[in-house]
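Working notes for the structure below.
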Amino acid sequence: MKELTDSYGDVQDAGVLRDRLAADGYLFFRGLLPTEVVGDVHDQLARILYDSDWLDPDADPRELMASGRAVEEGSAGFFGAYTAIQSTEAFHRLAVRPELLALAGRLLGEEAFAHPAHICRIAPPSPGASPTPIHQDYRFIQGSVDTLTTWLPLGEAPPEIGGLRVFAGSPRLGVLPVKASDGPGMMRAEADENHPEWRTTSYRPGDVLLFGSLTVHGAMPNRTNRLRLSADFRYQARSAPMARDLLGTGKPHYHPDVPDFPTLTRGWTSTDCIEVPTGVRFVDRWDPRVDDVPTPSSRFAYV
Ligand SMILES: O=C(O)CCC(=O)C(=O)O
Ligand SMILES: [Fe+2]
């Protein structure tokens, strides 16, 4: 598979970044975040996974050696550990790092905020668990088509541990039809899995992959005996609409299986990182499985 293009050297140049995002549908920044900040989150989450019996009791928790108790997201046995992870302040604070908020704002051309549904992925080895099928985030996140996703490896992620791959140029395909699938999200976009423009890299902590909501992406199978730990966050302009959740707005990922923020944030030093700014406009959600979803026009001019 082709390598991702590294845009780290252009991170301050809004014009270059916007043009590249419009052309490729993604931007990759090697080492954008301090490794010690990402490493601290990694080690806190590894400790939770160890205490939840998801890890080999005889190995160093930081190695993330999977035990038989490690399960695919959403399944029975997932929510105990995931609730503990969602209660971890340092994990949520990662989403509002100045490097990430500034980058999103630079691309969007106005102040950006992070959606509070900060997602942690704990991908067990395949074939026991299915990797995230190829998809576009727009069907899941909705609201504004210009909402941006960042995907962050929390530990070393060589291709065999099943990091993310992106289909460069794919936003031009518009909103693609979907089929039911195994794996997180349970929907697979109808796109060419073997197209020559699929890209990935050997990820390191501190790296940031950013993409638009029409960019087709998915995880690769985890062919190791370790868990793949990563985070994914969403950013949008304050002036853009945000999709309303069924149970209220700005809820945690996997709520109500995961308790709401008043419970998760008990004992935190600050809750700024999980708040939606006042004045944001909300729109209703539509059924993510409907066949023909019109492709909205984007400020990145993909279409
Ligand atoms: O990490 C994964 O398996 C999926 C991540 C993803 O789909 C995303 O970041 O939007
Ligand atoms: Fe995604």
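Values as computed for the structure displayed
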read-out: Which numbered condition Arg188 fails, given (1) in contact with a Ser or Thr (Cβ under 7 Å, 6 or more places away or on another chain); (2) within 14 Å of ligand 1 (Cβ to nearest atom); (3) open to solvent by 10 Å² or more (accessible area, probe 1.4 Å); (4) in a loop (DSSP other than H, G, I, E, B); value: (4)
read-out: Leading residue by the ranking (nearest to ligand 2 (Cβ to nearest atom)) among those in region 115-129 that are open to solvent by 20 Å² or more (accessible area, probe 1.4 Å) and modelled with pLDDT of 95 or more; value: Arg121
read-out: Search result, residues across region 95-112 that are surrounded by fewer than 21 Cβ atoms within 10 Å (Cβ to Cβ) and in contact with a Lys or Arg (Cβ under 8 Å, 6 or more places away or on another chain); value: Gly109, Glu110, Glu111
read-out: When residues of region 73-94 are limited to those that are open to solvent by 30 Å² or more (accessible area, probe 1.4 Å) and without any contact (Cβ under 8 Å) to a residue 60 or more places away in the chain, the one nearest to Gly31 (Cα to Cα); value: Ala84
read-out: Residue in region 71-79 that is in a helix (DSSP H, G or I) and within 30 Å of Gln12 (Cα to Cα) present; value: no
read-out: Region 1-26, residues that are touching a residue at least 60 places away in the same chain (Cβ under 8 Å) and touching a Lys or Arg at 6+ places or on another chain (Cβ under 6 Å); value: Lys2, Leu4, Ala14
read-out: Among residues of region 159-177, those that are closer than 28 Å to Arg97 by Cα and touching a Phe, Trp or Tyr at 6+ places or on another chain (Cβ under 8 Å), counted; value: 7
read-out: Condition met for Gly68 (of a type in the set (Gly, Ala, Ser), open to solvent by 20 Å² or more (accessible area, probe 1.4 Å), more than 15 Å from ligand 1 (Cβ to nearest atom) and part of a loop (DSSP other than H, G, I, E, B)); value: yes
read-out: Residue satisfying all of: in region 262-303; of a type in the set (S, T, N, Q) and touching a Gly at 6+ places or on another chain (Cβ under 9 Å); least open to solvent (accessible area, probe 1.4 Å) among these; value: Ser298
read-out: Filter result for Arg165 (assigned to a strand (DSSP E or B), out of contact with any helix residue (DSSP H, G or I) (no Cβ under 6 Å at 6 or more places or on another chain), within 11 Å of ligand 1 (Cβ to nearest atom) and open to solvent by 10 Å² or more (accessible area, probe 1.4 Å)); value: yes
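Listed here are the residues, each with its yes/no results for (1) open to solvent by less than 10 Å² (accessible area, probe 1.4 Å); (2) in contact with a strand residue (DSSP E or B) (Cβ under 6 Å, 6 or more places away or on another chain).
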residue: His217; (1), (2): yes, yes
residue: Leu227; (1), (2): yes, yes
residue: Tyr235; (1), (2): yes, yes
residue: Leu246; (1), (2): no, no
residue: Pro252; (1), (2): yes, no
residue: Pro256; (1), (2): no, no
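The values are calculated or read from the model by the stated rules, or taken from the named source; none is laboratory data. These numbers were taken from a predicted model, which means no experiment stands behind them. Glycine also receives a Cβ, built like all others from the backbone with ideal geometry; neighbour counts cover every protein chain displayed. The accessibility values were calculated without ligands, DNA or RNA, using every heavy atom of the protein model including side chains. Shrake-Rupley method; radii C 1.70, N 1.55, O 1.52, S 1.80 Å.
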